[in-house]
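Notes follow once the structure below has been shown.
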2 protein chains.
Amino acid sequence: MGSTCEINAAMSVWRRLSLFVLASSLCSRLCRAEDSAMENIVTEKKAEESHRQDSADLLVFILLLTLTILTIWLFKHRRFRFLHETGLAMIYGLLVGVVLRYAIHVPSDMNNITLSCNVTASPATLLVNVSGKFYEYTLKGEISGSEVNDIQDNEMLRKVTFDPEVFFNILLPPIIFHAGYSLKRRHFFRNLGSILAYAFVGTLVSCFIIGSLMYGCVMLMKQIGHMGGDFFFTDCLFFGAIVSATDPVTVLAIFNDLQVDADLYALLFGESVLNDAVALVLSSSIVAYQPEGDNTHTFEAMAMLKSFGIFLGVFSGSFALGVATGVVTALVTKFTKLRDFPLLETALFFLMSWSTFLLAEACGFTGVVAVLFCGMTQAHYTFNNLSPESQERTKQLFELLNFLAENFIFSYMGLTLFTFKNHVFNPIFIVGAFLAVFLGRAANIYPLSFLLNLGRKYKISPNFQHMMMFAGLRGAMTFALSIRDTATYARQMMFSTTLLVVFFTVWICGGGTTQMLSCQKIRVGVDTDLENFIGPDGVERRSTKHESAWFFRIWYNFDHNYLKPFLTHSGPPLTATLPACCGPLARCLTSPQAYENEEQLKDSDSDLILNDSDITLTYGDITVSTDATGAHTSGTPVGRVTVHSDEALDRELAFGDHELVIRGTRLVLPMDDSEPPLPLDSHRYRHKNESMS
Amino acid sequence: MGSTCEINAAMSVWRRLSLFVLASSLCSRLCRAEDSAMENIVTEKKAEESHRQDSADLLVFILLLTLTILTIWLFKHRRFRFLHETGLAMIYGLLVGVVLRYAIHVPSDMNNITLSCNVTASPATLLVNVSGKFYEYTLKGEISGSEVNDIQDNEMLRKVTFDPEVFFNILLPPIIFHAGYSLKRRHFFRNLGSILAYAFVGTLVSCFIIGSLMYGCVMLMKQIGHMGGDFFFTDCLFFGAIVSATDPVTVLAIFNDLQVDADLYALLFGESVLNDAVALVLSSSIVAYQPEGDNTHTFEAMAMLKSFGIFLGVFSGSFALGVATGVVTALVTKFTKLRDFPLLETALFFLMSWSTFLLAEACGFTGVVAVLFCGMTQAHYTFNNLSPESQERTKQLFELLNFLAENFIFSYMGLTLFTFKNHVFNPIFIVGAFLAVFLGRAANIYPLSFLLNLGRKYKISPNFQHMMMFAGLRGAMTFALSIRDTATYARQMMFSTTLLVVFFTVWICGGGTTQMLSCQKIRVGVDTDLENFIGPDGVERRSTKHESAWFFRIWYNFDHNYLKPFLTHSGPPLTATLPACCGPLARCLTSPQAYENEEQLKDSDSDLILNDSDITLTYGDITVSTDATGAHTSGTPVGRVTVHSDEALDRELAFGDHELVIRGTRLVLPMDDSEPPLPLDSHRYRHKNESMS
C-alpha cells in the first residue's frame, strides 16, 4: 500500500494522476463504505438541502432589496435627500450582516463536513470516487488556512458570501451598460476632451499618487512593526488603481433631481463611467506585472512595458468589440423590419448587448469595458433605428436591471462588513488611505482642470472643481475590484479599508451634496437650453464650437456624413456623401428613408437620450430650409456639409432661432448662444426636461 | 506509510476523516509538488480558461437565439405558420448540436483532467489540500461510469450541457409565471370546472394509462431480451407523469393569430398551465415513493399513501405560498403610493414574484408551482393596483423573459439530441411510447369531455375534442422533468424517447394546426364578444351562469364582495360588505377610491389581461346605474350583491346591452346572449382584440 503513495517526480503529470487513481481505488476498499443505495439518497438529500439553503440565502437578499425599495419610496415621498438609495441599501445590508454574524447560529451539519484528499495540483473539476460511484466537483475557490479551522462556524456566513466573479459576470455589466446607454450625449461630446483627460490621465495620476502615499504609509507601518504580512509596491499601486474608480451615483441622482448645470453633470458622469473602465483594466495590468526571476515585486522595465501593453491591448480590444457589436446591432435593426415587432426587437437588442460581454470575455478582454462602449454605440446609432415602443422597452429594461443590480451590490457591501471573515482593520493604514484618497483626488482634479482651462474657452470654474473634488464617491466598481481576490494579507487589508472608504464617501459626501451645492453656489433648476442664452457672466455657456473644437469638428463631420447614414436611417444619404466610385455600395447601404431625411431623425423631445443630432439642425437648416420635404435622389450633395474653416463653422452655428418642422414633429431648437432669445419667444426654446430623471 | 492508508471501519466517520486528512498530508510530501507560486498562477490560469470557455459556450446559445429571432421575424413577415418559433429554435439547436458533436474536436487540456481521490461519502463541499493550500470544491453531480472513461472526448460536450437544475431554477419560473400572469381570466373562470378536471383528473388518468401501457411494453422487451437494464413500474409511472405535461405553445400562438374560439383557447391554455404543475408534483411524488425493505419497487400501500400525501402537501403548500405572496404584493401596492414611481413599483413587483419561487424552494415545496399561482393572483389583484405604466412594464418584462427562456429551452432541446452522451434509443420502447402517449391523451380527453358535457350547458363539441386531442404538444416541462435525472438506464431511455416525442408533437402536430383547424371546421377570426350573440346553433355561447354555476357563483360573490375590495381599490367598500362588528378593521382596510368605485376598476379595453370584472358590470349596473358617480359613505350596502337564487342571478345577468360610463372609459359590454344585438348597435359590442397576441 505504501508504495502506491510514492510517486516519482520524474514522471509526467498524467502518469502521476493515473497512479493516484489506482492508489485511491485500492485505498477505498479498505474503508468500509455505506450502503450504496442509502448513499444515493443521502447525496440527493444533501444536494436538496444545499439548494434549499441557497434559496434561503437569495431570499434574504430579495427581502433586503424589497425593504430598500419601500424605504426609497418613503424618502422620495418626503423629499428626503440626505440618504440616497445606495446609502440606504448599505445600511440595510449592515443590519442584516450584524444579525447574521451575531444572532444566528447554524449548527454544523455532519454531512457538510469537508474532506481532504491528496492531489498535486488543483484542477478545474474533480472526480471523486465513492465506492464505485463517481461524483463531480467543481473548483469554487481558495480558502485561507484560518478558515479551514473554523469550518463549522463559518458555514452559514460563507454561504451568503458570493463568488466575487458574480459581480463581474452578472451585476456590473447591466450597471455599466446602462451608464453607457443613458449618456446624455450632447453634453458628453461637448466636454469630451476634458472627460477623457480626467478619466485617463486623472486616473493614472490618482493611481500613482495614492500608490506612492500608501507605500510610504506601509513603510511606516513596517518600521513600527504594525504590518502583519507582505505589502509590496505593486500592492500599493493596485490599491491606488482600484480606489481611483469613482461612482458618484448618489451625487448624480441629486443633480438630476435638482437640475444642476448639465456640463457639471456631464463631466462627473462621463469621468466616472470612463474611469471605471480605466481602473478595471489598470488594476488587471498591475496584477499582470510579472517580472522574471524569483522576486516578483522588483521593478523591471520589460515587465512594466508589458503591463502597459496589456493595458492598451485590453482596453482597445474591449473598445473595438463593444463598438463592433453596437455597429452590428445597428445594421441589423436598420436593414430588417424588426421594428414591427417590438418584442423581437427588444429581445434582439438585449441578446446582442449581452453577447458583447460574452465575446469580450471569451476573447480574453474585459467584458465590462466592452459593454460600456457597446452601450454608447447603441445609444448613438441603434437607438435611432428602434421603433418608439422598443426604445421605451429597452430603456426601461436596462433601467430596471441597473436599479436592481446597483442596490444589490450596495446591500452586499453593507453585509460584507460583518460576514467577511478575513477583515484586517489597521488604523494607520486606514488613516493613510483616507488621506491618500483625498490627496489623490485633489491631484487628479485641480492640476488637470488648470491645464484644461488653458485650452477651454469656457473654463471649469473653481466652484465646479470643488464640487468635483467633493463628489469623488467610491462605489460598486471599487468594491468589486477589491473583493475579487482576497487571498493575501495585503489584499484583505485593502478590502477592509476600501469598504470604509466607500461607506464614508457615500454616506458623508453623498449626504452632504445638497449643502455643498449651496455652499459652492452652483446653480440648480437649470433649464438645459435656456442656459444657452445666459450671457458670459462666468457661467459656462454652450456652443458646439467649443471644447476640443478641432477634434470635435473632425469627429462630427465624419459621424454626420458617413457613420450616421451608414448605420441609421438618417440623411444625408451615402449616395450623396461617398465618392462616385462607391456608388453601388452606397446605394446598397442607404435606406429609403435616408433620401427623405436630409436631417437626421429626431428623437422625441422628452427622450432621456438626447440625440446630438439636434446640433445638426442648424446644419440641416442652412441647406435644407427650402427643401424640408421631398426626397432627393439626385447626386447633388444637398445634405453634405463640409466645413472648410472655423469661421464658416462659426457662421453656420451662429444662426439664431430656427423653427424647423421635421416630419410632423415641431421642434424648435436654437443652437447658438450669441444672441439672447426674444423674451416673447422664450417659451419656444424650452426643451422638455420631464424625463431627465 | 502503508498503515496510514488503512482505516479502521469501526471508527466514526469523523475520526476516519481526520485520519485521512493526516494520511493525505503525509502522502503529499512524498509527491513532488510544483513550485507553489507557479501553482497559484496555474490555478488562476485554469480558472480563467474555464471562465473563457463558459463565456464561449453561453455565446453559442446567444447566437442561436439571435438567429432564431431573425428567422422568426422572417416567418412573421411572410406569414409562414407551419413552423413556430419553438420548432425553429429546436431545429437550430439540432444543427448546432451536429456541429459540436461531429465537426469540432477540442484537444483535451491536461489541466482539465479530473483527479480521483478517496472519500467515504460524497459531501456537499470538498476541501482539497494542495501542498498546504486549500481549495474548495462544490458537488456538481454524479456522472456515470461510462463517462469517466471518455473524459477527454466528452469535455467539450459536457461543457455545453447544463446542470438540469438550471431549468427549474432559472428558465421555467419566468415561463410559468408569465403563463399565470397572462391568463385570460374571464374565459378561464368560465371554464374553470372543465379546466380543473382536465388538469387534475385527466393528468392522473393519462399518467396511469401511459404507465401501464409502457409497463406492458417493457415486459415485452424483457421477454425478447431487448432490455439493457432495470425498468420498474415506478419508472413507467414516472414516464407517464412527465409525458402528460402538455405545452401547446405553438398551437396557442396560432390560435391567437387566427383568433380562434376563446373557450377552446381557454381550455387548452388553462389545462396546459395547470397540468404542468400537476405533472411536476406528481413526478416528484412518484420519485418519493419509498417502501420499506430492500426492494424499493414493490407495491406498498403505506408508501403509496405517503406519495399521495406528498402530492397533496406539496401542491397545496406551493399554492398557498404563491397566493400569499400575490396577496402581500397586492396589499403593498394598494396601501403605498408606489404607483407614482413606476421603476420602484416594477422592481418591487419583480422582486416579490421572484421571492415566491425562493420561498417555496426554501420551504421544500415546488417553486415553479408557486410562481404559477402567484402569477394568477398578481394578474387578478395586484395588476389593478399598479399604475398604467407599471402594468405595461411588468407585462413587457415578463413577456420578454418568457420569450427568451422558452426559446432557450427549445434550442437546448435540439442541441441535446447530439450532445447528450447517454442516449438509449430503443425502437420498441419508442414505438410503444408514441402509442401510449396517443392513447393516454385520448383517455384523458374523450371520457372526461363526455362526463363534463353531462354537466355543461354548452357542450364541448366533438370537433373541439378532436382539436384538443391533436393539440397535446409536449414541450419545456416534459423535457425539463426528463433531463432532471439521467443517472439510470431507465431514465436515459425515457429521456431519449421524450426528446423524440417532443420533436414529433411540436413539428408535426404544431405544424399541422392550421390544417386541423380547417379540417375540424373550427371558426377563426372570432370576435370575443360578438360571439356572445350568435344564436344556439350548436356553437358554444357564453354566459357566466354556465360552467360550474354553483361553484362559480359562490366564488364570484366572495371575490367581488370581499377579496377584491380587500386587495384592490375596487368597490364595493368593505365597510359596506363586512358585518358591523368589523367596522374599524374594514375602515382601515378600505382605500378612499373604493368608496367612489361602486364597480370595480376597469382595465383599458386593449389590455391583454381581461379583467373579469367586466362580468360584474351587469351586477354593478343593476344596483348602481343611477349612482355611477359620487362616494358612498353610508352603511347602506349599495354595492353589495347577494344572489339568492338561480333565477335571480339569471335575471340579473339577462339584461341586454347596457352602456356604462366608467371613470371616463367608454366601455360597452353586454353580458347576456339571450337577445341578439340590434344590428345598428352591433359596433358597440366590439371588444378591442388588438392585443390578444
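The values are calculated or read from the model by the stated rules, or taken from the named source; none is laboratory data. The structure presented is a predicted model; accordingly, all values stated were derived computationally and were not measured. Every residue, glycine as well, gets a Cβ built from its backbone with ideal geometry; the counts of neighbours run over all protein chains shown. With ligands, DNA and RNA removed, areas are computed over all heavy atoms of the protein, side chains included. Shrake-Rupley method; radii C 1.70, N 1.55, O 1.52, S 1.80 Å.
Out of segment B:236-284, which residues are open to solvent by 10 Å² or more (accessible area, probe 1.4 Å), part of a helix (DSSP H, G or I), touching a helix residue (DSSP H, G or I) at 6+ places or on another chain (Cβ under 8 Å) and more than 20 Å from B:Tyr181 (Cβ to Cβ)?
Across segment B:236-284, the qualifying residues are B:Leu237, B:Phe238, B:Leu258, B:Leu282, B:Ser284.
Exactly one condition in (1) under 22 Å from B:Leu401 (Cβ atoms); (2) within 14 Å of chain B (Cβ to nearest Cβ) is false for A:Gln378; which is it?
Every condition holds for A:Gln378 apart from (2).
Can you tell me which condition A:Ser355 does not meet? The list is (1) touching a residue at least 40 places away in the same chain (Cβ under 8 Å); (2) small (Gly, Ala, Ser); (3) facing chain B (nearest Cβ under 10 Å), and all the others hold.
(1)
When segment B:328-342 is examined, which residues are found to be buried (at least 17 other Cβ atoms within 10 Å of the Cβ) and not in a helix (DSSP H, G or I)?
Listed by number, the residues that qualify are B:Thr336, B:Phe341.
Determine, yes or no, whether A:Leu67 is under 15 Å from A:Asn407 (Cα atoms) and assigned to a helix (DSSP H, G or I).
yes
With (1) open to solvent by less than 40 Å² (accessible area, probe 1.4 Å); (2) modelled with pLDDT under 75; (3) among the basic types (Lys, Arg) as the list, and A:Lys564 as the residue in question, which single condition is left unmet?
Every condition holds for A:Lys564 apart from (2).
Identify, please: which residue in segment B:61-97 is away from chain A (no Cβ under 13 Å) and among the aliphatic types (A, V, I, L, M) and is, among those, nearest to the chain's Cα centre (by Cα)?
Filtering segment B:61-97 down to residues away from chain A (no Cβ under 13 Å) leaves B:80-84, B:86-87, B:90-97.
Subset that is among the aliphatic types (A, V, I, L, M): B:83, B:90-91, B:94-96.
Working: B:Leu83: 22, B:Met90: 19, B:Ile91: 23, B:Leu94: 24, B:Leu95: 27, B:Val96: 27 Å.
Looking at the filtered set, the residue picked out is B:Met90.
Scan segment A:365-378 and tell me whether some residue there is surrounded by fewer than 21 Cβ atoms within 10 Å (Cβ to Cβ) and assigned to a helix (DSSP H, G or I).
The answer is no; no qualifying residue exists.
Report the residue count in segment B:416-441 for those that are open to solvent by less than 20 Å² (accessible area, probe 1.4 Å) and either among the charged types (D, E, K, R) or part of a helix (DSSP H, G or I) (or both).
Matching residues across segment B:416-441 total 9.
Which one of these is modelled with pLDDT of 85 or more and buried (at least 18 other Cβ atoms within 10 Å of the Cβ): B:Ser496, B:Ser518, B:Ser543?
B:Ser496
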